[in-house]
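Data first, discussion second: the structure below is written as structure tokens.
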Amino acid sequence: MKKIFIVTVALSAITALGFAQNVNKLIKEKNVGRIIKTLSADDMQGRATFTPGIEKAAKFIEGEFKSIGLTPLAGNTGFRQDFKMIRSTPVKLTLRINGKSIAADSAFATGSESFSWATNADVQVVQVTGDKNFRQEYGAITRSGKKSLVLVDPKFKDLFTRVRGFAGRGSVIFKGKTTPPVVFVLGSFDKVTAFDVRYEIKSEELPLFNVAGMIPGKTKPDEFVVFSGHYDHLGILKPMEGDSIANGADDDASGTTAVISLAKYYKKLKNNARTLIFVAFCAEEIGGYGSQYFSGQVNPDKTVAMFNIEMIGKASKFGQNSAFITGYERSDFGKILQKNLDGTAFKFYPDPYPEQDLFYRSDNATLARLGVPAHTISTDQIDIDKLYHTVKDEFGSLDVSNITSTIRAIALSSRSIVAGTDTPTRIAKLER
């Protein structure tokens, strides 16, 4: 594929702004390829949460941050941002309604603790009738905070079975928190007059860790700009043509590579007014727990922008030298980035997949809900991406030249925010 050089014509303008570094020399395609290839190699075993593969990936990223010369975040002695999760795995569920036993394949439960009910008055009985949307009802009930016995119309058997399979893998929750128990039952019931439920789970405390470092700001050290991507993926999947490792090269070794490359770039420049935080998040694929934890460790009111980078492994639907920004219309973040790219061939576009709700499906979401101009930059054609979440998402499927161009564009487009001369407008706070 023909290589695209996107920044040459803009270098004179960059020089005029006191930004006289050659981004092509500081962000090299060879190094970009090295990092992605390492993170997506088979010996990382797909980087699944709570596996040796994620530990190996974390050590690699730590080594990169150390060699770059980043500083650990305040309160941390190293680059790991450690926290604990409780993983709960279902052991046994027995259920009787109106004196009749319910078959095991017609029921499942959620909740972070074992429990037993015997027609408890504090348990609400909810019916999901055939005219309702099961997905929406499931979300609303599990977020309600109420103990619930949910009767699901047989019309939803196929979807019920899929959700039951997912629930059977267990759940994770931050240590010290609990989720209320909910029992779902597939079947038709005229009226529930009595019920008896016994649910047993096995719980274990497990460690998780983001990898984060920073470059303290020169003149505005109490204002933060975050560059992020997630370094976990799916691990080992059902074999496909003899391959079972979900390497996650695009999702999201590409974004993690961008974070490392940008850290190296800005460390060499040594002229950032604001403090820059570079973080590789864990556990995005199982619920975004890494970014949720991180968001509780930084002051959102002092975080002026978040560049979350997710899946930049191939050309976007707009072609080479382009990427899209989720939530483009929610702040002037994208307009600032594009202004800084005047004179180059690269262009940022609004998210072309609004129906996918991507703004709330990546690690930018938690800080965005708190009002931070936190956006995700991506090139993935998610509506037609057949490699997404498969064992085929491998290094060989990527366009490293295009990835390098995108990273360079992020470097150039972020410069006025990093320099403290531009501050994106805040996003309206939202509870979801």
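A few notes on this one:
- Of all residues in segment 301-315 being surrounded by 20 or more Cβ atoms within 10 Å (Cβ to Cβ) and not hydrophobic (A, V, I, L, M, F, W, C), the one that is nearest to Asp250 (Cα to Cα): Gly313
- Among the strands (runs of 3 or more DSSP E) confined to segment 190-304, the ones with at least 3 residues that are more than 25 Å from the chain's Cα centre (by Cα) are located at 195-215, 220-230.
- Within this structure, Ser416 fails the test of being of a type in the set (Ser, Thr, Tyr) and not in a helix (DSSP H, G or I).
- Lys335 vs. criteria assigned to a strand (DSSP E or B), free of Cβ contacts under 8 Å to residues at least 12 places away in the same chain and either farther than 16 Å from Ile407 by Cβ or of a type in the set (Phe, Trp, Tyr) (or both): no
- Only one entry of Gly255, Gly296 meets the criterion of being open to solvent by 10 Å² or more (accessible area, probe 1.4 Å) and of a type in the set (Gly, Ala, Ser), and that entry is Gly296.
- Screening Gly33 with (1) among the small types (Gly, Ala, Ser); (2) modelled with pLDDT of 95 or more; (3) surrounded by 19 or more Cβ atoms within 10 Å (Cβ to Cβ) gives one miss only, at (3).
- Unmet criterion (only one of (1) without any contact (Cβ under 8 Å) to a residue 40 or more places away in the chain; (2) under 23 Å from the mean Cα position of the chain (by Cα); (3) open to solvent by less than 20 Å² (accessible area, probe 1.4 Å)) for Val150: (2)
- In segment 42-77, the residues that are more than 18 Å from Ser261 (Cα to Cα) and open to solvent by less than 30 Å² (accessible area, probe 1.4 Å): Met44, Gly46, Arg47, Ala48, Thr49, Gly53, Ile54, Leu73
- For segment 163-186, a residue qualifies if it is in a loop (DSSP other than H, G, I, E, B) and exposed (fewer than 15 other Cβ atoms within 10 Å of the Cβ), and the qualifying residues are Gly168, Arg169, Lys175, Gly176, Lys177, Thr178.
- Residue in segment 81-91 that is open to solvent by 10 Å² or more (accessible area, probe 1.4 Å), charged (D, E, K, R), in contact with a helix residue (DSSP H, G or I) (Cβ under 9 Å, 6 or more places away or on another chain) and under 30 Å from Thr390 (Cβ atoms) present: no
- Residues (buried (at least 24 other Cβ atoms within 10 Å of the Cβ) and at positive phi) located in segment 223-252: Gly248
- Test result for Ser144, open to solvent by 40 Å² or more (accessible area, probe 1.4 Å) and closer than 21 Å to Ser203 by Cα: no
- Test: residue in segment 350-371 that is in contact (Cβ under 8 Å) with a residue 40 or more places away in the chain, outside any strand (DSSP E or B) and more than 16 Å from the chain's Cα centre (by Cα): yes
- Segment 385-427: number of residues that are over 28 Å from Ser40 (Cβ atoms), open to solvent by less than 40 Å² (accessible area, probe 1.4 Å) and not hydrophobic (A, V, I, L, M, F, W, C): 5
- Among residues of segment 275-288, those that are over 23 Å from Asn24 (Cα atoms) and touching a Gly at 6+ places or on another chain (Cβ under 7 Å), counted: 6
- Flag for Asn340 being crowded, with 19+ Cβ neighbours inside 10 Å and either free of Cβ contacts under 8 Å to residues at least 60 places away in the same chain or within 18 Å of the chain's Cα centre (by Cα) (or both): no
The values are calculated or read from the model by the stated rules, or taken from the named source; none is laboratory data. Bear in mind that the values here come from a model prediction, so they are computed numbers and not experimental data. Positions of Cβ are generated from backbone atoms using ideal geometry, with glycine treated the same way; all protein chains shown enter the neighbour counts. In case anyone asks, the SASA skips ligands and DNA or RNA and just uses the protein heavy atoms, side chains included. Shrake-Rupley method; radii C 1.70, N 1.55, O 1.52, S 1.80 Å.
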